[in-house]
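Participant: So that we are looking at the same thing, I have put the structure below in structure tokens.
Just so it is clear, none of the values below were taken in a lab; they were calculated from the coordinates. Computed from a prediction, not measured in an experiment: that's the story for all the values here. Ideal geometry is used to build each Cβ from the backbone, glycine not excepted, and the neighbour counts take in all protein chains shown.
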Amino acid sequence: MRHRLNPPLGEECFGTLSSAGIAKTTVRELLDHGLGWAAMLINTTVSSHTSEKVKAFAKIWVKNVKTPVSFGRNTLVVTSSHRFDVCSNDFGWGKPIAARAGPPYLNGRLVLFQGLDEGSLDLQACLPLEVVVNLLKDGDFLEYVNTA
């Protein structure tokens, strides 16, 4: 969200600024409209995060901090940041080989980072056990995923 603020945060400001948006849909709508439609839905939500909206949210949030955030039943949280180049950070231990995000949400969380190899993505999936068991039985899924 840093790049959306007006005026922008100074270079001396340290840390992350994030904001949550909700793009609601149903499984039926996803199946009927496809992934392109889902991407458009997410893009519309992300685009709605203006400087004014982010500042208004921050003012309310600091008065009523809630952690962890709960989105309710049957929710899949998907997060990412194309501006966070995880694999280029070296804190003296050598370049990382992967990145992991914080705790999972109750029903599921997907986090995407740039991968170590050019053009690749790392996906961290925190899902209920029954979902994972079913995914590992799905041939179409396994065709595109490296489970190592």
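Participant: If amide hydrogens are placed 1.01 Å from N in the peptide plane, which non-local residues have theirs closer than 5 Å to the one on Gly115?
Facilitator: Excluding prolines and chain starts, which carry no amide H, the hits are Ser120, Leu121, Asp122.
Participant: If you don't mind, there's one more thing I want to ask. What lysines could a cross-link reach from Lys63, if we take a straight Cα to Cα line under 19 Å and drop same-chain neighbours fewer than 8 places away?
Facilitator: Straight-line reach from Lys63, under 19 Å: Lys53, Lys55.
Participant: Gly108's amide H: which non-local residues (gap 5+, or another chain) put their own amide H closer than 5 Å, with H modeled 1.01 Å from N in plane and none for Pro or chain starts?
Facilitator: Placed amide hydrogens put Val77 under 5 Å from Gly108.
Participant: Just subtract the alpha-carbon distance of Leu135 and Leu76 from 0.36 nm times their residue separation and send over the number in nm, one decimal.
Facilitator: So the extension gain works out to 19.7 nm.
Participant: While we're here: Could you tell me the calculated FRET efficiency between Leu35 and Gln124, based on Cβ-Cβ distance and R0 = 25 angstrom, to the nearest 0.05?
Facilitator: It comes to 0.80.
Participant: Taking 0.36 nm per residue of separation and subtracting the Cα-Cα distance, what length does fully extending Thr26 through Val62 add?
Facilitator: Full-extension gain reported as 9.8 nm.
Participant: For segment 26-41, what does the Karplus curve 6.51 cos²θ - 1.76 cosθ + 1.60, with θ = phi - 60°, yield as ³J(HN,Hα) per residue in whole Hz, taken in order and with x for Gly and Pro?
Facilitator: Running phi through 6.51 cos²θ - 1.76 cosθ + 1.60 with θ = phi - 60° gives 10, 4, 4, 5, 4, 5, 6, 9, x, 5, x, 5, 5, 4, 5, 4 Hz.
Participant: Report the FRET efficiency, 1/(1 + (r/R0)^6), for Glu143 and His3, where r is their Cβ-Cβ distance and R0 is 41 Å, rounded to 0.05.
Facilitator: The calculated FRET efficiency here is 0.65.
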